[in-house]
Each structure stands twice: as C-alpha cells, then as structure tokens.
Amino acid sequence: MADIVFQHVRKCYGDHEAIRDLSLEIRDREFFVILGESGAGKTTTLKMIAGVESVTSGTILLNGRPIENLTPEERDCAMVFETYALYPHMSVYENIAFPLRAPGRRIPENQVEQAVLRVARILGIDPFLDRRPAALSGGQRQRVALGRALVRRPAVLLMDEPLSHLDARLRNEMRTEIKAMRESFGTTIVYVTHDYSEALALGDRIAILHQGSIEQVGTPSQVFRRPVNRLVAESLGDPPMNFLAGTIALDQNRAVFATGDMRIPLPDGPRLRRCVGKEVYLGLRPQHIRLERHRPDTLFSLPSKLFVQELLGDHTVASVSVKDRLFTVLGKTDQAYSIDEHLYVTWAPEHMYLFLENTGETLLAEGD
Amino acid sequence: MRTSHLFIRVLKILGLGAYFTFALGPIIWIAMMSLKNSNDVIASPPKFVFTPTLENYKAITVGQHAQHVETLRPDYPKYFLNTLIIASATVVVSLLLGTFAAYSLARFSFRFKEDIAFTFLSFRFAPELMVILPLYIVFQKTGLNDSYSGLTAAYQLVTLPFLIWVLRGFFEDIPREIEQAARVDGYTWWGVFRKISLPLVKPGVAAVVILSFIFAWNNFIFSMILGGERTQTITLGILGFIGYERVLWGQMAAATMICVIPELILAFFVQNYIVRGLTFGAVKG
Amino acid sequence: MDTNSWTKKGPNRAGKGKHMANLKYRISSRLVAAILCAFCVLLFCQCSKNNPKSAEIHLLLNRHPFTESILRFIPEYERKTGVKVSTLLLSEEEYFEKLITELSSRSSYYDLFMLGFPHLWQYAKAGWLEPLDQYIENPNLTPANWDPNDFFPELIACSRWNLKQGAGMGEGQLWALPVNEEAYVIFYRKDLFERFHIKPPATYEEVYKAAKALTRNVDGQQIYGFGHRGVRSWSTIHPGYLTAFATWRARDFDDSMHCVINSPQAIEITDLFIRTLKEGGPPGWPSYTWYEGKEAFLSGRFAMWFDANHQAAAFENPTKSQVAGKVGYLLPPAGPDGEIRSSTWVWSLAMNAASKNKDAAWRFLAWATSKEMLQRTVPYENINPTRRSVWEDPKTVEATNWAQGEYRRTAQLLLSKYARIRWTPSTYVTQAGDRWAAALQEIYEGTRTTEQALKSAAADIDQMVGK
Amino acid sequence: MTGYALRTQSPNPPHRSLPYLLTLPALLALIGILYPFVLGVYYTFTNYILTEPGNIRFVGLTNYIEIFKTLDFWKAFSLTFVFAGSVVIIELALGLGVALLLKDAFPGVRILRSLLIIPMMIPPIVSALMWKVILLPTDQGVLNHILSFVRFPPIAWLGDSATALLSLIIIDVWIYSPFAILIFLAGLQSLPKEPYEAAKVDGASGWFMFRKLTLPLLTPCIVLVTLFRLIDSLKVFDIIYATTKGGPAGATVTLHIQSYFEAIRWFRMGRGMVYLFVLWFLCFIFSKALSRLWTKVLMR
C-alpha cells in the first residue's frame, strides 16, 4: 500500500546536522529496520516520515507523492513511540480509540468500539480497557501503544524502539508477537532499534545508520555476512566482532596480514594486492574463534593468554589477550581454562574479515 | 536509627506547628475581632475571653438598628458582588488570552520568542503609581473608568504576565512525544491542544486560576483610582471601615473574614486538581 | 457533571457503549460557555454605563459624620427635586488620592467634594474650585432663608483666599462652605490626676512634668502620660504640636515664604514637645495614628491625649468608652507670653470648576449646608457645627453637654478666641507638613538633634517651595 | 515546572504566523499600558507639578541629578534592596521548608494545605492594617500582650526605627510565603520518583538527596518564585502605606513609598516618576538576569 523514498534528506538542529544526505527506498509492505546506536538519527528519521519533525532539505516521497510539506494528520502514518507516549488522562480504551475519533476520520462510534475491542483482544489488553496508563505495567503499556498504532490500519507503521524498555523475557515474547502480527496487518513497517538481534530477527531489510548517514542497506544476511565496512560489522553481533590492527604485506608474493612478527595468509586477489602496505584491521566474530591449548596445525592462529572466562549455561564467554588487544571468544562449556593460561586462538580462513584502517572499507568478508 | 527517625518526626511536627501558628494566629485573631463588640475590640490589654456577638456580621450584610447607628445601608454586599464579577471576568479573560500565548511560547520555536516572553513579564515591572495617573486619563477619555470592563482590562496587568509564565512552565513539562503522538494520530495542532495539552495542564490551570483570582480580588490601587461608585471593590470597602472619628475594627474584621470565603471555596474546589494533577510526574515517559 | 472524571479511578466499567461517553466535547463546551459568559457580562456593563440622565450630580466624599449623615437624607432630596445624586464614599487617605487624580486630570465627573483648608488652597490655586459667591448672591439658586451670615465668621474666613502664597486668608473668593469644625484640647483623666495629686497643667512645662509623673503602673496596668499622633504625615503636625508651636510664636513660613521651622523658638518648643512624648508618652509613638491614640485613650491607657475636641462624643459614650465621665477638657496651655493659640481644622464642601452641572450642584450644596440639614446631622455625631444657630440650638446643647458643660465652654472659647488656622496660606501645607513630621520622628528616634532635624527639614521645604 | 522532561528543539509551528497570532491577543491586552508608561518616563524629564498641569516644562536630567545627589534617595534605594532581599530569601527558605513538610500525605494534610493560603487571600493592605493592630507598641497589641505572659518586655515593632523594617518583613512573609509554598508544593509533587529510589538504593542521606536531586529539579520553581516575589517586593507599597508610611524617622522609606510622597502627596510628578523609573529599571535588570537563568535551566 505504501512505499517511502528519501531523496537527499537533510535535517539540522541549529548547527548540528542530525541527518546528512539520506537517500533510501522503503518498499511497499516491507518490514524495514533502521539500526543504529543512540544519537544516530533513527528517531529523527521516523519522525520526519510521521511529519512531527520538519525536513531541512531534500524530499520524502510517500507512494511517489512528496510529503514533507504535509501536516502529520495528512499522512497516513501511525507511530509507536519509544516512550509509548500514551495519553495519561485517558483510559486504555480512549487511548486506542483516539486516532479513530480524529476529526478527519468521522468513524461512527459503534465502529470505533468494534475496532478497539478487536485490537485489544488481539493484543490481550481487553481486561484493562478502563484503566489509565499509570496503572499498567511496562509490557501492557507497550501493547496499548501498539494497539493505538494498529487500530486504524495505517499505510505506514512506524515503530521507535518499542521493545527497549521491556525486560528480556517480555522483549523476546513481544518480538515474536510483532513478527506474527506483521503478517496479518500487511502494512509497510519502519522499525527502529539499536538491538541488532531484533533487527536481524524482524527485518526484511536493514539499514545501518551512523551519525546521520546510512552505512549499508540490505537483507539481514547481507548486512551480517557482507558488511560494507567495519562499522556495520561492528554493530551487528553480540559480543561484537574482534579486531586486530596490522598491515597488508607481501610474503612470497602472496598478500598476508602482518602484525608484529606474525603473518596470516590472505586469500589472493587483485584487490588485496593493490592494498599492500596499508594499515588494516583483521576482524573475527567471537563465535568463529576457537581456543586451543596447543599450537594448532594451521596458519590461522595467534598466541594469547586467558584473561577471564565466564560460564553461561550452554556456552562460555572468554576474554583472551591477543597481543595488546582483548578478544572475546564464545565457546563450549566443557572447555575450562585457568587464568593466565597460554592459549591459541584459531579460526577458519573463510571467517576472516579485513577492513581498511582509515576508511573502514571492507576488503575481505565472509565467503570471499 | 529508630530514635533519630522519631526525632526527625517530632522536629517536622514542631516545624509545621510553628509555621501554622505563625500563619493562622493572625487569622484567628481577626476572627476573634470579628466576633467582639465595639468595646471589646479596642480593649487594652486585648481580650481573649469575651462574649461573642454576630452583630458585626449582621451590620455589614443586612445593616443594624442599634441605638448608635454605625452603618448606613450596608454597601458591603454590593462591593462583594462587584469584586466577584471583576475578579472572575479577569481570570476568564486572562485564561483565554494567556493560555494560547503560554502554549505558543512553550511549544513553538519562532523569532523573538524569548523577547516576547520577557515583554510579557516586563508588563509587571511598572510600579502601579507610575502608570496610574496617565492610565486614568486614558480610561476617562475612553469611558472605561468606573466600568467592569475597564477594571478587568487593567487587572490583566496583574494576572496575565503571571499566568503566562506559570502555564508556560506547565506546558513545557508535557513530554513532547505525547503531543507528537496525537499529531500522528490525526489531529491538528488545535485538536492536540484541546484534547491533550489542555487537559494535561489542568493542575497548572487550577493553580494559576486560584492565584490570579486572588491577585485580582485583592487589588487596591487600580480599583481605587480606576474604579468608582458603580464598581467599588471589596478592598476599598474594607478600608471604608476606617471612618473619620472611629475605626470599626469589628466590622472590618468581619468583612475580612467574609472576603476570604469565595477564594476559599475556589481553592477548595480547585485543590483536587492541584494535588491530583501534581502527581502527573508518575505518568510521564 | 463530573468535572474531574479523568482523575477518578472508577470501578472497572468494561462494557459496551460506556466508552462512548468521553470527554471529547466537555472542555470545548465549557470554554465556549465561559467565553460567552465573560462577554455577556462585559457587554452588559458597557451598556448599563454611560446612560446620560437629565439631572444627575456626583459626589466624591470622605468618610465623616457629616457625609455619612447627609447620605441618609439624599433619598429624600432626590424625591423632592427629581435630581439623581450618586456618591462615592472613601476613607480619608484613599479619598484624597482619588480626588487628586480626578481633579488633576480635569475630570468633570464629580461635581461636589469635601476638603480641608490645605486642599482648598492647593485646588483653588490650581483653578479646580468654583468660586461660590456668585451662587450665594443669585436668588434664583439660593433660598432666602439660607443665611450666609449664620456661619461662624472665622470659618467663612478660612474658606476665602486671594490665591497669594503666604498671605491673603479671609480675602478673595469663597471657595467652599464649611460643614464641620474642630479645635484641639487636651483630654485628661480627671480621676488619675486627682489620685496622684497632680494639677491639670497650664503650661507645656507642666504637661511635660505631668506626663512623666503619670507614666506609671496603675493597678497593674501601664499608663502613659501623654499621647499625640505620630505618623509621617502633615496631620501629625496639625493638632497638638502646631498648637504648641504657635503658642511659642514660632511660624512655619516667614512673610517671604522661607521656611522658618528651625527658628530658636521653634527648636525650643519642638524639643520640649518631643521630650514630653519620649519620656511621658507611649513607646512607638511614630506609629500612632489618630485612631490608635484615640483607642488607647478610650481604653484608659493615656492620661492625656491632645487631639480634636469632638472626639469627646466617643469618650463620653459609656457603651464605647471605659473612661466615660472621667474625662476633663483642658484648653491648650499658654505659651511664654501667656497666650493660648490653638490650631483648628475645617471640613468644607466645594464645587468642581470643571463640573457640567453647576447649578444643580450648587442647589445640592445649599441644601446640604442649610441650617436644617446641619442641624439634622448633629445626632449622627457631626459635632461642632459651623453655623452659630445650630451650635446654640437647644438640641445641640443637650447633645454636647459633656462634663457638666466643660466641653461646650472650651469649644466656645476656642472657636471664638483661640482657634485659628496656624498655617501660612500656601499650596505647600501638606508637603511641608509631611517633611516636618518626618523631622519630628527623627528627633524622637534620636537619629538627629532637634536643631539638625528641623534645619534639614526647613531646607527641604524651601526647596519644595522653590526658594 | 520541574524541568526534567525531555527538552529537544522546539518544533517549528504549523504555520509561520501561528505563534504570533497566538501571542498577539495577550500582547494587545497589555500593550495599553505602554502609553501611560512612556508618558511616565517623559514626566521624569519635566518639572510637572500635579497642581499645575498647564505648566509642564522639559527640564532634561535635572530631576535625576537632584535626586541622585540626595542622601534620601540612596537610603531609600538600599532599604528597598534590604527589604526585597530579605523577604525573597526568607520566603524561598520558608516556602521550600514548609512545602517539604507538607509534601507527604498524612492525616489532615489536605486541610492544612487549604488553610495555608488564607493569608494570601486577604487583601495585603487589609492584612497590613490587621497586623498593625496585632503589633501595637504597648501591650495594647496582642503580640506584646502574649509576649508579656513569658515576661518579655513590650516591643514597639512598627513604632521603633530599629524594628519597623523587621515588622514589615514579618508581615510580607506572612502574606506571601503561601505563594512560595504553593508553587514549591506543585513542583515537589511532580518530581520523578526514579532518581530518588536510585539514590536511596545507593544509600544517600536525606540531605544529600535534597541537595543533589530536589534542589536542581526544583530550579525552575525557585526561579519562578524568586522572579515574581522579587519584582513584587521591590515594588512593595500596600503594606507600608497601611502601616508606617515610611516612618519612623525614615526607617521604612522604600523607593515606591518615597515616590508616593513625591508624586501623589507633594504633587511633584517629575521627581516621583524618577523614583518609579529607577524601580522599574531595577525590576528590569533583575528579571532579565533571572529569565536568562530560566531559559538556561530549561535548555539544560
């Protein structure tokens, strides 16, 4: 029903440029996730779509029609705010019915009631319809906010970190619910989060936003497996990717990653050869690294020393110092090491990432 | 630990007791004065024990026919009504004008915003005496003197800047996202203002209504100079108990006690809003 | 309607239809109602105003036995003449502030108002008062039995001035008609004087000694010997102090309008007077207004009280006074030359020169100052009438026959012999008096010596006068 | 008014002119004062005597120079400051203290809160008159009478230059501290609970929480109370007019009272207006400073 196109959109607050030259295409009925750390401009982007923040320059097209000069009520958007922004002086019922009673909609009161009750039933908040938001728990408030957004089948549903204030269990639960619901509602959804797992789990496509600029747009597997730069790679995955500084050198006419006196061979290719002598980072995801007591029989390993190890049920998280850096390693529970034990980290060659030090550009990604 | 807790409790009660003795002592004394006859009221040293009489109240409301006629026809009810009309009209007009201005100053960004806000405040700077004589001439030329509308207009100087500044604070306190949510839900700024912002600042409105009403009710110089025989207010009415050859302290005290009643009633009704509304913080965010 | 429904956590009222009753229209409808109410009220006020009547006069009056009693007869006047009379009655302080605003803006709204001689001089000089002689002489406006010669000649003289600063009282136009007069006596407690064997004082020295002697604890109650007004106002100067001051042959201004309140005689008597207050008076004298002093005397706290003689009406009223029957009336003491010189005060009614209804105003003025009306105000404590016939009327005699006729004797003596306006005619009386009173407070508080305080006051007053 | 709400940039209004349209009616309602004000300022440069309205001459800065040369002016100037400073500080402290005590619910608190505002409901000029009766110098006054029960010698209060200003401060505090209490109560009631719970968990003392949490969160309230109480107490008139009229011996002559004497009682409008203009200017300076603070607080 609705696609959204950003064309060179800028947003400034005084001297501060919150969004710089944003161009983006969100397809009809897509679950589009915007991922970024706080302050990246995610909420601003959403609010510009909703029309509660103005656009400094550039154009936003909704179904091909520029909307940046329309008032919020003229755009058919609904939004779930991070703070929920429930109306404290209204009951849950009134909160959910509020958008339907907007002067432009003129929906008869009996239909309003039907719609509210239907949504409430789906979200499981029908027992609280008479309460005020203050008397609800966080999860219930979140569902009211969701209900208020969904009750009128908007063309675009905007969700701003709707799960961030919930505890872990509820968060997972709601994530599943949202995922299930999106199928039945069938609107374009723009979902903002700082949680990569939420992004990967929910999004059809993900945009990684950093300091007001888009770093990469792609499907979850694209952005996860083939990040365009170090920033994207770093922001997806928990614990985040490990990095080791070094240079690309030529060793026996092959490109190698050189750090100290260690040499790690790299897959050959013209691209890497062109970068010989450049400062780079080697990137390894924690779940791709294994620890060995003895020097493994592979070139893809580095000596290290165990710093700390936490046992977390089915797996362990270990911190080991590799050269002067700490690496995080996810491993199995059956492996227990002692502090300061000398270990080797090792990995499969196809799991190596390589990023340029100065621009962060990806030289090597999974599968290359 | 426990004893220090108890100690603090006792200290708190003592503090409150001291303040309320200070605040209510004179009120009680005025109430006692209002119940004394003309002899007891000027007794020296002052009397704490006396035979209470309602003659003062009777004298100022319906008049009295004692052998020594002290009041003519009591004008006090008229003053009371005048003040009620003027103070209510003042508050209503202030609310109508001030709420929008306060909202605008709290919510929108526009050129000269802070200057406009300060200008509003600055209307309160001018000492009454500085403007009263020229103002009187203006009023006289426009026929506004000795009229309810004229006094209502003049009282805006007292109430409006105050109302705007306080309400502005309350509006600023509404989380902006609540209003944005309402915009997204399909309401114009006016709809948001009416359905969301205004109901949410009810406690603020309640607080400024009572305070503005009090300011208007108590005004002295404006009502003295700009008022007249038709619009004489309660403040002058009470001062009128200072006669040429005697001061009717008892009647003055009775008039003072009656004068407080409308404000107390208003405060009582409005207090629900103030106290409830002020728990607003719990709902935020 | 339930006005605070949103704060109310009602029982769980889940159910159909109930939610429909929302507060959607409540606020707006109330707002509209409020707007309508406000505008209706304002509109109504505007319309009800400015409704010109053929004959209507407006009076601006201060609270005074005369005005309060004349108000009773206004309905009668309206019935008789068909003229509508509307009045604004204010307490003295507020009254003069309102009056100066009205007059200085040349408002024609109020036709008649009350004033004392200092204001008479000020307003007459400013051209705000209508001269009255022409009306008195006009037989069409003044009834034949309205006898101008019945007024005490001294009081009529007080109301004439030729507008020359520093002189000319009793000359020139008649600017107002006197309705009440007061002169100053020392009220004293006969019982206390007898009990402590003190002779009623005949000189200011004796006043001082008596005051000191009587400032004592009597039957467990602290008594103060001597009381006088003390607030920072020219009205503090006017009664006892100016009487004493004049008795020392000291003057406020010399013939060339230089302020001479720091002359040697002035310093001498001021010194004595303030010393009397300080050593024989109540603490906190600078906060005493006439009514606080009067109430102190009424409740028996002062042995002497130097103020307007008509206060006797209250002192002799047993329902109001704890000293009824114990009060003596003492003529002001004589000075070094053996002469008594009392100050005096006259309340008068005057006409606004800007009035648009002068004839109607004069008719009312003539009615209000007629023998009949002045006589009718006496029972309402308008003591010290300004017409001889009223003063001598048996009814008045009966009403004022306090202390076995002592009151009437002193009043008569004062009026005929001793009481005169002791201020030099000029427009500066209130200004000079205010400043002068501040100087007395300085002396009392000891912040300045008598000489310094009066000298600096005189310099300031000279500056006010423009010398 | 607690200032902890998320404060982002104000949004642009829906129409560029809307904010002006919304503020305009209120401005227009007040703008009528401008003409009298300008006229008042003009009078400061003239020799206008109230009783000589036909004889207004422009005299330049003469009035200012004459007045600034007198000691009386500077005395009134400093007295005004002492009075305003003391009442604002006392009312802030008392207001905050009592508001803190009344913040928590306990039986009867609602009645106390209602009773609290009564002093403010009486016209100040009447309150002052009543206080004058209470503070009468000898044991004629009820306060001295009560003090005499504990063998305290009578105090002349308003009648003594040593205690007159103090008495006026007491009266002013009595009338207006309910204003401060009311505003602080409003502020305290809307404080967020979370930071306090966090601080309690951290074992912070009550004093610490007050200093580090309550005071900063209440800053807008404090600014508001200071602003309005400062303006009004610099302009104090009613209560002095009703009690001492500047006496005894000039112990309570403030700028406003002196201007009342000059302009209304002595008819010297030109000089009186100078006092008032100085007063206006003081209000202006202080308010400017305070409103800067207000904006800063809101922007933090």
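A short reminder: the numbers here are calculations on the coordinates, not readings from a lab. Everything quoted here is computed from the prediction, not taken from an experiment. All Cβ positions, even for glycine, are placed from backbone atoms using ideal geometry, and neighbour counts span all protein chains on display.
A few notes on this one:
- With the largest listed first and rounded to whole Å, the semi-axes of the equivalent ellipsoid of segment C:341-394 from the Cα gyration tensor are 24, 16, 8.
- Dipole moment magnitude, nearest 20 debye, segment B:2-58 about Cα centre, only Lys, Arg, Asp, Glu C-beta charged: 340
- Normalising the average separation of contacting C-alpha pairs (under 8 angstrom, six or more residues apart) by the number of residues puts the relative contact order of chain C at 23 percent.
- Taking Cα atoms only, the orientation of helix C:358-368 departs from the longest principal axis of chain C by about 60 degrees.
- Ordering of A:100-107, B:104-111, A:229-236 by packing is A:229-236, B:104-111, A:100-107, highest average first (other Cβ atoms within 10 Å, averaged per residue).
- Segment D:103-129 versus segment A:148-218: alpha-carbon centroid distance in Å: 53
- Nearest 10 degrees, 0 to 90: helix A:109-123 Cα axis against chain A principal axis: 30
- The alpha carbon radius of gyration of the protein assembly as shown, expressed as a multiple of 2.2 N^0.38 Å, is 1.20.
- Axial C-alpha extent at least 20 Å, average Kyte-Doolittle at least 0.5 - helices from chain D (DSSP): D:71-103, D:164-189, D:215-234, D:269-299
- Local net charge near D:L276, Cβ-Cβ under 11 Å (Lys/Arg +1, Asp/Glu -1): 0
- Shown in residue order for segment C:430-437 are the 3J(HN,Hα) couplings computed by the Karplus curve 6.51 cos²θ - 1.76 cosθ + 1.60 at θ = phi - 60°: 5, 4, 4, x, 4, 5, 4, 4 Hz (x for Gly and Pro).
- Averaging 1/r over each pair of different alpha-carbon atoms in segment A:215-278 and inverting the result gives 13.3 Å, the Kirkwood hydrodynamic radius.
- Residue-averaged 222 nm ellipticity for chain D, from DSSP H runs of 4+ at -39500 (n - 2.57), nearest 500: -20500 deg cm²/dmol
- Chain A: relative contact order as a whole-number percent, Cα under 8 Å and 6+ apart: 15
- Dipole size of segment B:124-197 about its Cα centre, with +1 on Lys/Arg Cβ and -1 on Asp/Glu Cβ: approximately 140 debye, rounded to the nearest 20.
- Cα centroid of segment C:103-180 to Cα centroid of segment B:79-134, whole Å: 45
- Rg followed by Dmax, in Å, when chain D is reduced to its Cα trace: 23.2, 76
- Between D:T244, D:T138, D:T219, the Gaussian network model of chain D with springs among Cα atoms under 10 angstrom shows the greatest mean-square fluctuation at D:T138.
- Segment A:249-346, Cα convex hull volume normalised per residue, Å³: 105
- Under 22 Å from the Cα of D:K296 - lysines, other chains or at least 8 residues apart: B:K113, D:K212, D:K288
- Of D:D72, D:D232, D:D104, the one that fluctuates the most in a GNM where chain D has Cα springs shorter than 10 Å: D:D104
- For chain B: rounded, prolate or oblate by the Cα gyration tensor [a/c cutoff 1.5]: oblate
- Rounded tilt (10° steps) of A:138-150 against the dominant C-alpha axis of chain A: 60
- Rounded if a/c under 1.5, otherwise prolate or oblate - segment D:81-125, Cα gyration tensor axes: oblate
- Viscosity 0.890 mPa s, 25 °C: Kirkwood-radius Stokes-Einstein D of chain A over Cα pairs, µm²/s: 106
- Gap separating the Cα centres of segment C:189-220 and segment A:77-94, nearest whole Å: 84
- Test item: D:259-271 mean partner chain Cβ contacts at 10 Å: 5
- Here the contact order of chain B, divided by its residue count and restricted to Cα pairs under 8 Å and six or more residues apart, works out to 27 percent.
- Here the calculated FRET efficiency for A:D204 and A:R169, from their Cβ-Cβ distance with R0 = 25 Å, stands at 0.45, rounded to the nearest 0.05.
- Whole-percent P(r), segment C:311-412, all Cα pairs, 10 Å bins from 0: 12, 34, 30, 17, 7, 0.
- Dipole size of chain C about its Cα centre, with +1 on Lys/Arg Cβ and -1 on Asp/Glu Cβ: approximately 2440 debye, rounded to the nearest 20.
- Chain A: most fluctuating residue of A:L299, A:L117, A:L312 per GNM, C-alpha cutoff 10 Å: A:L312
- For chain C, the spread of Cα coordinates along the three principal axes comes to 101, 65, 51 Å, biggest extent given first.
- Counting only DSSP H runs of at least 4 residues, each contributing -39500 (n - 2.57), and dividing by the residue count of chain C, the helix-based mean residue ellipticity at 222 nm comes to -12500 deg cm²/dmol.
- Considered as an equivalent ellipsoid built on the Cα gyration tensor, segment B:2-58 has semi-axes of 37, 11, 8 Å, the largest given first.
- Scalar couplings 3J(HN,Hα) for segment A:307-324, obtained by applying the Karplus form with A = 6.51, B = -1.76, C = 1.60 to θ = phi - 60°, are 9, 7, 9, 10, 9, 10, x, 7, 8, 10, 10, 10, 10, 10, 9, 10, 6, 9 Hz; x denotes Gly and Pro.
- Packing here is the average count of other Cβ atoms within 10 Å per residue, and on that basis the peptides A:348-354, B:198-204, B:56-62, highest first, run B:198-204, B:56-62, A:348-354.
- Mean Cβ count within 10 Å, highest first, over the residues of peptides C:309-321, C:436-448, C:243-255: C:436-448, C:243-255, C:309-321
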